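As C-alpha cells, the structure follows; a few thoughts come after it.
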Protein chains: 2
Amino acid sequence: MQGKDVVLGLLNDQPRTGYEIKDIFETRLAYFFDGTYGMIYPTLRKLEKDGMITKEVVFQEGKPNKNIYSITPAGKAEFAAYMQTELADESIKSDFLLRMYFGKHLTTDQALAFIETQIDHQETKLRTLKAHYNEWIRNGITDLQIVTYKYGVANYEASLTVLKQAYLDIADRQ
Amino acid sequence: MQGKDVVLGLLNDQPRTGYEIKDIFETRLAYFFDGTYGMIYPTLRKLEKDGMITKEVVFQEGKPNKNIYSITPAGKAEFAAYMQTELADESIKSDFLLRMYFGKHLTTDQALAFIETQIDHQETKLRTLKAHYNEWIRNGITDLQIVTYKYGVANYEASLTVLKQAYLDIADRQ
DNA sequence: CTACGCATGTAACACGTTACATGATTCA
DNA sequence: TGAATCATGTAACGTGTTACATGCGTAG
C-alpha cells in the first residue's frame, strides 16, 4: 500500500485534480491514511510519465488553472493488480502512547496534559469523519465504504473511552 | 516521534541489546509502533557515534556476542527534550480499509476473504498483547503503561466487532 | 486587512524498508 | 532434519516529509 495505489484508486473512480485528491484524503480516508501535497503532486507526475494517467489542463477565470487527471487502461490494470496483492498489516504510530509508555519520566500534570491533548485530537477527527458522512451518502457510498466509516468511528470511540477513564483515574490519584 | 526516540527511551530505563529492543517492540509496543533490525542497528550505531549511548561487548559461550548499550548523560538530556516536545498526531495506515474503500472492484468472495484475513491479523495481535501482559506486570508495569495496554486492547476489540458484523452482513446479502 | 479557499509545484533531505549475509545451539 | 532462539549487521533503495514558493478572489 503506497501513495500511488491510493491516488490511482481515486482516479480509477473518476477524473480528479491533485487538490480534490487531497480533499478526499482529509474527509474520507483520514482515519486510515494521510498524504500531503508533497507526495500527491510528485506521484501524479510519475504516474503520468509512466502512462498510468493523462493530464488535461483546464483554464479557469478568477481561480488557478486545474490539472485534471484521468486513468488510462494501463493504469486500470496496475490498480487491479494492486487490489489482488496480499493484505499488508495495519500499522499505527502513536506518539501519545509512546509518551504514556515512558510516562514515569513525566509529572502528573504533564501526563494529564498529554491525555487532554489526545482527547482533543481524537474528538476533532471523529467529528470530521461524522461531519462528512451525510454528504458522502448523498454522493453515493458503497456498503464496504460504510465499513471503513464504522471502523473509524468505533476505534475513535474506543480510544476516547479509555482516554477519559484514564484521565479520571490519574486525576483522582493526585 | 522517530525510531531514535523509542530506542533512546528504552535504554533510558536500562542497558539493553538491539535484540532485546526488538523484543520489546514486538511484545509491548506492538500496537502503536514497529521497528525492524534494519532500523534498530543503524540507529544504535548513530546514537553511539553521537555520544548518546555507549557500547559494551559481552562474550558468550554457545551464543553470539552481545553489544549492550547504555545511555549517557547526553542521551538522557536528549530523551528528556523529546519528552517535552508537542504531541504528534497518531497515524494509521490500513491496507485493509483501503481495499474496503475501493471494494466495488472486488467480488463478494474477495471482500469476505479480506475481512477474514483482517480478523485473523487483529486476533493474533490482540492475543500477543494479552499473552505478554502478565509477564509485564511481574517485571513491573506503570499506571500509564497500563493505559497503553488498555488502549490497544480496546481498539483491537472495537475493530473486531465491526469486522465480524461486516462479515455477517456481507455474507447474508449474498 | 486578514484569513481562507482554490490550486500547483520543487528541492533537499532523512528515514526507514528490503534483501542479503552469517552461524551456533536447542528443541521437537 | 528442520525450525526456532539467540545475535548482529550492511548496502541499496525508495518513499515520503519538510520547507519553501506563488497568487488571485472572497468573505468577515
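The values are calculated or read from the model by the stated rules, or taken from the named source; none is laboratory data. All values derive from a computational prediction rather than experimental measurement. Using ideal geometry, Cβ is built from the backbone for each residue, glycine included, and neighbour counts are taken over all protein chains shown.
Before moving on, here are some points about what is shown:
- Within this structure, A:Ile141 passes the test of being farther than 20 Å from B:Asp89 by Cβ, of a type outside the set (Gly, Ala, Ser) and surrounded by 13 or more Cβ atoms within 10 Å (Cβ to Cβ).
- Unmet requirement for B:His121, which otherwise passes all of (1) more than 7 Å from chain A (Cβ to nearest Cβ); (2) within 16 Å of DNA strand C (Cβ to nearest atom): (1)
- Any hit, region B:45-54, residues being in contact with a strand residue (DSSP E or B) (Cβ under 6 Å, 6 or more places away or on another chain) and under 25 Å from B:Ile137 (Cβ atoms): no
- Consider region B:54-74 and keep the residues that are surrounded by 12 or more Cβ atoms within 10 Å (Cβ to Cβ) and within 15 Å of DNA strand C (Cβ to nearest atom). The one that is modelled with the lowest pLDDT is B:Lys66.
- Tally, over region B:1-36, of residues that are touching a strand residue (DSSP E or B) at 6+ places or on another chain (Cβ under 8 Å) and near DNA strand D (Cβ under 10 Å from one of its atoms): 5
- Flag if A:Arg45 is away from DNA strand D (no atom under 16 Å from the Cβ) and modelled with pLDDT of 95 or more: no
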